[in-house]
Amino acid sequence: MSTANVTKENWWALVSGGVATLIFGVAAVFWPGITLLVLLYLFSAYALISGVVNISAGLSTLGQAESWFLPVALGAFELGVGVYLLRHTAVKFATFIILIGFVLIIHGIVEAVGAYYNVRATAKVQALSYLSGVGALVAGIVILFVAKQSQGVDFVWILGLYGIGVGTMQIAALAEKK
């Protein structure tokens, strides 16, 4: 969820995205023996929720923010990945890792760029948005280049720690926005 583009009027978007990310992270960390199918469903749900939230947050700032199209494009990509994973539940582990890695990398880039261009946000919200973006970017890169060689638990832990860290930052940004 692009925290930089959320306004006071659509604070619910930040809460929804943060809670979805946090729940996904907690489930991954405290349930490390999770099967691939359950993880696929959890990530699909996260991608669908995040996609809807990003699209609505981006469209709600149409005309107010110069970078309104970034969360809309990210949301469309996340929706596409979520739908693809739900329709192809027999996806190979390597394909699943690549999709998650790209979602996180693109999410991180959009979040960091959105934070940079959102001059209306407070310095604290910009910093949280930027950190959230960097966290997603790093998690995506680590998943693509490190977790591919490990089979399972390392991959789930990386996802879980990402979810807990970024979800917490998104919810913390809400306190600053309200």
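Every number here is computed from the coordinates shown, using simple stated rules; none is lab data. In this text the structure is predicted, and so the values were computed from the model without any measurement. Cβ coordinates were reconstructed from backbone atoms using ideal geometry, including for glycine residues, and neighbour counts include every protein chain displayed.
Descriptive notes on the structure:
- Highest mean first, the peptides 83-90, 72-79 sorted by other C-beta atoms within 10 Å per residue fall in the order 72-79, 83-90.
- 15 Å beta-carbon shell around residue 73, net charge (K/R +1, D/E -1): -3
- Packing-based order for 49-56, 63-70, 122-129, using average beta carbon neighbours within 10 Å, highest first: 49-56, 122-129, 63-70
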